[in-house]
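Reading through the structure tokens given below for one structure.
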Amino acid sequence: MKLHWRKWFRVVHRDFGYLFFGLTLVYSISGIALNHLNEWNSNFIIVRKEITIENPEMIRRDMTKDEARALLEPFQEQKRYKNHYFPSGNQLKIFLQGGSVIIDTETGNGLLERVTRRPFFREMNYLHYNPEKIWTWISDVFAGALIVLAITGLFLVRGPKGITKRGAWLTILGILLPVIILLIYFY
Amino acid sequence: MKIFIFAPPNFIENTMMKKMTILLLISFFMIPAITLTAQQMKTAARATAGADLKTATLTPETFQENAEKMVGKEVGVKGMVIHVCRHGGKKMFLIGEDPDVRIKITASDKVSSFNTDLEGSIVMVNGIVEPMENIKHVEDDDHPEDHEDDDDHRNYYHRPQYSISCLAFRTIDE
């Protein structure tokens, strides 16, 4: 029996393409987001507001939770109070439900930070960071599938646009790109 | 011969392909069931681990003092979460009375990540003590001449540091 390998390659490439469409989007979208983590926080929406405590002399190292809560009243944040501590000599940090306040105990100037989860991207990033053991298996299968997709993709088309002509040049270009980067920056 | 792997069964002409299609479809639809079961097992495991949390817990200060002797052993530490990694929640930091003594808690196979909502919460953590490698000394690199390197200058950051690989944790209402 003759093995129609090209036909099988096409079948595998087509069906793997359908099957792994979702995972490809998960990894590519989160990949872009994580690449630009320093410029854009894709996990959280952080809103910062400068505030001033009118009476910073109220702030003492041994202040109670109620006293710390009272500091938040002018900003209507007292109900979100969680805890507080002094990270350094003249700084007070108050943790809120979904945020925090950091106050200079000498000047009373502070920064109120509200943190909310960024929908969609946070889920994508969560998956990208390989959260659970089962996801290790799924992502390993996906990685294997990408290799299969890459190899089968080389042989989909015959003729002048196939791997023997145009395809060969483009494939070489695609391999050269990481090699050049490695030669410049790594070695 | 037409080949359909994921096509509806009535389009499949080949018997072998039909079997393969059914097998693949069954496998595909079993994924959510397996995931759900794994999730349930994990929840149960965490609940059990949470129930087994050590009652005799260390403070971050006592942990730091004794960590060297406890490498590889399971310990319980209680402290306030002051920071959870915003990137993947793979680590968090605890303090006790002294805010300068911070213990790094890392995620593990048992606890995959920490939620940022934990910041400000008091938690009890059980985990395995691990030495931290590549500790970046807190030095002013721009002014190396300001850095004294004598025995009196061995502060907290110049000592070997240890983290805890988290096996289980729970928040405590205080």
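Computed from the coordinates by the stated procedures, all read-outs in this text should not be read as laboratory data. Because the structure is a prediction, the values reported are computed rather than measured. Here Cβ is always computed from backbone atoms with ideal geometry, including for glycine, and neighbour counts include all displayed protein chains.
Brief remarks on what is shown
- Taking A:Ser139, A:Ser100, A:Ser28 and counting other C-beta atoms within 10 Å, the order from fewest to most: A:Ser28, A:Ser139, A:Ser100
- Per-residue average of Cβ from other chains inside 10 Å of B:108-121: 4
- Across the cross-link table entries A:Lys49/A:Lys93; A:Lys65/A:Lys93; A:Lys82/B:Lys90; A:Lys82/B:Lys91, which are compared at the Cα atoms, the separations over 18 Å belong to A:Lys82/B:Lys90; A:Lys82/B:Lys91.
- Loop-located trypsin sites (Lys or Arg not before Pro) in the stretch A:127-187, at most 13 other Cβ atoms within 10 Å (DSSP): A:Arg158, A:Lys165
- For B:85-93, mean number of other protein chain Cβ atoms within 10 Å: 3
- Averaged over the residues of A:33-43, the number of partner chain Cβ atoms lying within 10 Å of the residue Cβ comes to 1.
- Loop-located chymotrypsin sites (Phe, Trp or Tyr not before Pro) in the stretch A:41-142 (DSSP state not H, G, I, E or B) with no more than 14 neighbouring Cβ atoms inside 10 Å: A:Phe120.
- For A:Phe9, net neighbour charge (Lys/Arg +1, Asp/Glu -1) across residues whose Cβ lies under 14 Å away: +4
- Mean separation of Cα contacts under 8 Å (6+ apart) over length of the stretch A:45-172, as relative contact order %: 21
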